[in-house]
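Trainee: Pasting a structure here, questions to come.
The values are calculated or read from the model by the stated rules, or taken from the named source; none is laboratory data. As the structure is a computational prediction, the values presented were derived from the model and not from experiment. Note that we place each Cβ from the backbone using ideal geometry, even for glycine, and neighbour counts take in every protein chain shown.
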Amino acid sequence: MTLSYVLAVGSPWRLLGGAFAAFPAVMISAIIITGLDEDSAQVGKVARGAVFGMLGGLVCVCATLLCLTSLSSWILSILFGLASWFIASLTIYKIFNKPD
């Protein structure tokens, strides 16, 4: 949360801090809700999935920004970002997923 505040205050893009603040809140909510109904193994899977999703989202944002500054095309930038997110998420999952 401190990092999100620093990003919000120090960043030229004010929205950036809010985006980073939302990720931990959603992750904690998902973990709490899962913990109420499931065992700790399932909670661990949800937490890992949330981290993988956050990393994929970060790749998406960086790829979209890079493409937008290079090509100045919103449509291509969004498509490139989504494709980057999909590839990054699958790659992260394959690297860190261990069969039960």
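Trainee: Can you tell me which residue is modelled with the highest pLDDT among those in the stretch 71-99 that are assigned to a loop (DSSP other than H, G, I, E, B) and under 15 Å from residue 49 (Cα atoms)?
Mentor: Looking only at the stretch 71-99, we keep the residues that are assigned to a loop (DSSP other than H, G, I, E, B), and these are 72-73, 97-99.
This time we only want the ones that are under 15 Å from residue 49 (Cα atoms), so: 97-99.
Numbers: 97: 78, 98: 69, 99: 69.
Top of the filtered list is 97.
One line per residue, one yes/no per condition, for (1) under 24 Å from residue 25 (Cβ atoms); (2) polar (S, T, N, Q); (3) in contact with a Leu (Cβ under 8 Å, 6 or more places away or on another chain):
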position: 42; (1), (2), (3): yes, yes, no
position: 51; (1), (2), (3): yes, no, no
position: 73; (1), (2), (3): no, yes, no
position: 78; (1), (2), (3): no, no, no
position: 93; (1), (2), (3): yes, no, no
position: 96; (1), (2), (3): yes, no, no
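Trainee: Taking the stretch 45-84, which residues are among the hydroxyl-bearing types (Ser, Thr, Tyr), surrounded by 14 or more Cβ atoms within 10 Å (Cβ to Cβ) and either on the phi > 0 side of the Ramachandran plot or without any contact (Cβ under 8 Å) to a residue 24 or more places away in the chain (or both)? Don't jump to the end; show me each part of the working.
Mentor: Taking the stretch 45-84 as the starting set, the residues that turn out to be among the hydroxyl-bearing types (Ser, Thr, Tyr) are 64, 69-70, 72-73, 77, 84.
If we keep only those that are surrounded by 14 or more Cβ atoms within 10 Å (Cβ to Cβ) as well, we get 64, 77, 84.
Across the stretch 45-84, the qualifying residues are 64, 77.
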